[in-house]
1. For the stretch 203-216, indicate whether the set of residues that are under 19 Å from VAL39 (Cβ atoms) and open to solvent by 50 Å² or more (accessible area, probe 1.4 Å) is non-empty.
2. Specify the residue that is modelled with the highest pLDDT; the eligible residues are those in the stretch 79-93 that are open to solvent by 10 Å² or more (accessible area, probe 1.4 Å) and assigned to a loop (DSSP other than H, G, I, E, B).
3. Any idea which residue in the stretch 133-142 is surrounded by the fewest Cβ atoms within 10 Å (Cβ to Cβ), counting only those that are under 15 Å from the mean Cα position of the chain (by Cα) and not small (Gly, Ala, Ser)?
4. So in the stretch 54-68, with the set limited to residues that are under 16 Å from ASN103 (Cβ atoms) and out of contact with any Ser or Thr (no Cβ under 6 Å at 6 or more places or on another chain), which one is most open to solvent (accessible area, probe 1.4 Å)?
5. Looking at ASP121 and the list (1) modelled with pLDDT of 95 or more; (2) more than 13 Å from GLY41 (Cα to Cα); (3) not aromatic (Phe, Trp, Tyr), which single condition is not satisfied?
6. Hey, among the residues in the stretch 96-115 that are in contact (Cβ under 8 Å) with a residue 24 or more places away in the chain, open to solvent by 40 Å² or more (accessible area, probe 1.4 Å) and assigned to a helix (DSSP H, G or I), which one's farthest from GLY69 (Cα to Cα)?
7. Quick one: in the stretch 217-253, of everything that is of a type in the set (A, V, I, L, M) and under 19 Å from the mean Cα position of the chain (by Cα), which residue is most open to solvent (accessible area, probe 1.4 Å)?
8. Given ARG210, ARG249, which one is under 26 Å from THR133 (Cβ atoms) and modelled with pLDDT under 95?
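The values are calculated or read from the model by the stated rules, or taken from the named source; none is laboratory data. Predicted model, so just to flag it, every value in this text is computed and none were measured. Every residue, glycine among them, receives a Cβ derived from its backbone with ideal geometry; neighbour counts consider all protein chains shown. Please note that ligands, DNA and RNA were not included when accessible areas were found on the heavy atoms of the full protein model with its side chains. Shrake-Rupley method; radii C 1.70, N 1.55, O 1.52, S 1.80 Å.
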Amino acid sequence: MSMSNTCRLLVASLLGMTVAACGSPPPEGGSSIPRNTLVIGIDVSGSFGKNYESSLEFVANYIYAHLHGLGGLKQPTAVFVGSIGGDHPQETKSFQPIETFENMSVPQITAFLRKMYPSHDGLTDFNPFFARTATLVTRQNLVLAPLNIVLVTDGVPDTQKSKTDSLGGYKRIDVSKLEYLSKNVTVRILFPRPTIAVRWEKQVPRHRVRMWTVDDEVMNTWKKHYHPGEKPESQTELWKWISDNVDFRVRSI
């Protein structure tokens, strides 16, 4: 065999191996979902009572849709759900992981959230929530993965000086522990009054953390896009509304 024929056979063989490798299925049990983390905080304070039930139903749909990638919503590879604040200042709460919700329906998730995070007259303290989130992300080796933090809350912090200083409470909200967990850290505040939403956007100190707010007047329209009796896979109108309004991609400041 001539040298040129040998070269042709070698090239053909290499090309065949490349095509086979590119066309081969991923290993069984492997995941093609890019790493990203979803953290959800539920305000259980009495001041949020008016929107509490609506927010739980929304969160249940939000969790289910994201876990199953419905409507093109981004599937998280890690999920943590916990309550915001507690009965005492700086009180730390536990977080439920993704495995808790993976095999639940939307009604089951709603019932679980209602049982696990009942509304009561507690304090709305955001700093322990953010600190615990940073600890979980670091401990679970999720640093550098995009981090999406969603808070359903009236957004009003309980601080000693907030009654006399309307802006001081927001300036003391501390997201510093989140700043360098990833290049893409977004905090989304859902259900605050419009004036409170503006204070989160303008008064909360931050450098790299992206902030997105959707006030209660907008959030309370989510049910107009929900069709009772239809399966989650058919709720395309709601998933599009979430994509356009809640999961909006925020530019860094």
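1. Checking the stretch 203-216: at least one residue is under 19 Å from VAL39 (Cβ atoms) and open to solvent by 50 Å² or more (accessible area, probe 1.4 Å).
2. From the stretch 79-93, those open to solvent by 10 Å² or more (accessible area, probe 1.4 Å) are 80, 83, 87-93; that's our starting set.
Filter once more, keeping what is assigned to a loop (DSSP other than H, G, I, E, B): 87-93.
On the way: ASP87: 53, HIS88: 55, PRO89: 56, GLN90: 56, GLU91: 58, THR92: 61, LYS93: 71.
Per the criteria, the residue is LYS93.
3. Step one: filter the stretch 133-142 for residues under 15 Å from the mean Cα position of the chain (by Cα), giving 133-134, 136-137, 142.
This time we only want the ones that are not small (Gly, Ala, Ser), so: 133, 136-137, 142.
Values: THR133: 24, LEU136: 17, VAL137: 24, LEU142: 20.
In this case the residue turns out to be LEU136.
4. Taking the stretch 54-68 and keeping what is under 16 Å from ASN103 (Cβ atoms), we get 60, 63-68.
Restricting the remaining residues to those that are out of contact with any Ser or Thr (no Cβ under 6 Å at 6 or more places or on another chain) gives 63-68.
Working: ILE63: 3, TYR64: 32, ALA65: 0, HIS66: 9, LEU67: 30, HIS68: 80 Å².
Per the stated criteria, the residue is HIS68.
5. It is condition (1) that ASP121 fails.
6. Filtering first and then ranking leaves ARG114.
7. From the stretch 217-253, those of a type in the set (A, V, I, L, M) are 218-219, 238, 242, 246, 250, 253; that's our starting set.
If we keep only those that are under 19 Å from the mean Cα position of the chain (by Cα) as well, we get 218-219, 238, 242, 246, 250.
Details: VAL218: 55, MET219: 0, LEU238: 1, ILE242: 0, VAL246: 0, VAL250: 18 Å².
Once the filter is applied, the top-ranked residue is VAL218.
8. On the way: ARG210 fails: modelled with pLDDT under 95.
Selected residue: ARG249, the only one of ARG210, ARG249 that is under 26 Å from THR133 (Cβ atoms) and modelled with pLDDT under 95.
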